[in-house]
Amino acid sequence: MTNPNDAKKMKTKQKQIVLLVVLLLVVVLFFILRSCRSDGPLLYVRLDDKSKQSLQTDYPGSDIDAIEIVRDGEVVGTASLVVDSHLLDGAPGNTNKFKDLSQILGIANYDAENRENYVALGGSGGYVIVKMSVPLQVGDILRVHEIGAGTGGSAEPCSVAIGRNESGPFQEIGEGAGPFELIVPEAVRKPISLSP
Ligand SMILES: [Ca+2]
């Protein structure tokens, strides 16, 4: 027979363990919710290469010189930090000589004569996530300087998504090729839903 004292001790210990687990869950939940908060500033932009090019080239896929925020006709912000990326080499046999991610930061500065100062995403599957220097606002114009046509190749599409956390979720707001502009839609005021 179990000593009633031992049983009591055991129960107390079990209670303590349950309490500790609950406390741990609350802490974990707090950090998860904080990282997913939907009311923070819209600071992150994600570009996904949507090109299908498979030519022999040194600059495969979408070629990005800069990402600018235009407000009231003026550039008020640019990409200030690359937080994540996946650059590819395009089709087999290709190389990508334009993987220097710092070239996507700051205002557009594509050097048409020397064909430099941009990043090639490398084709379908390539992406880059940047932090902007100022938060995006509804109605802002997001100007993507895709200079594929300027490299002697062709303009190649990429999709644009925006988010409040560097790890997402991201909401796609459009797609384009060559230099293009998208307006930050009203819908981003609401919590951003998880992208598929
Ligand atoms: Ca550049």
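Tilt of helix 4-35 relative to the longest C-alpha principal axis of the chain, in degrees (0 to 90, nearest 10)? For 4-35 against the chain, the angle is about 20 degrees. Counting other Cβ atoms within 10 Å as a rough exposure proxy, the listed residues Ile69, Ile183 run Ile183, Ile69 from fewest neighbours to most.
Sort 86-99, 21-34, 120-133, 137-150 by the packing proxy (mean of other Cβ within 10 Å over each peptide's residues), most packed first. It would help to have the intermediate numbers written out before the result.
Numbers: 86-99: 16.9, 21-34: 9.7, 120-133: 22.6, 137-150: 19.2.
Put in order of decreasing packing, that is 120-133, 137-150, 86-99, 21-34.
The shape of the chain comes out prolate: with a ≥ b ≥ c from the C-alpha gyration tensor, a/c is at least 1.5 and a/b beats b/c.
Estimate the FRET efficiency between Asp58 and Ile183 by the formula 1/(1 + (r/R0)^6), using the beta-carbon distance for r and 30 Å for R0, to the nearest 0.05.
Numbers: r = 34 Å, r/R0 = 1.12.
Rounded to the nearest 0.05, the efficiency is 0.35.
Between His86 and Asp100, the modelled labels are 2.6 nm apart [label points 7 Å from Cα along Cα→Cβ]. With a Cα cut-off of under 25 Å and a minimum spacing of 8 residues unless on different chains, the lysine pairs in the chain number 8.
Quick note: the coordinates plus some simple rules give every number you see, no bench work behind them. On a predicted model such as this, the values are computed, not experimentally measured, just so you know. Neighbour counts run over all protein chains shown; Cβ positions are idealised from the backbone, glycine included.
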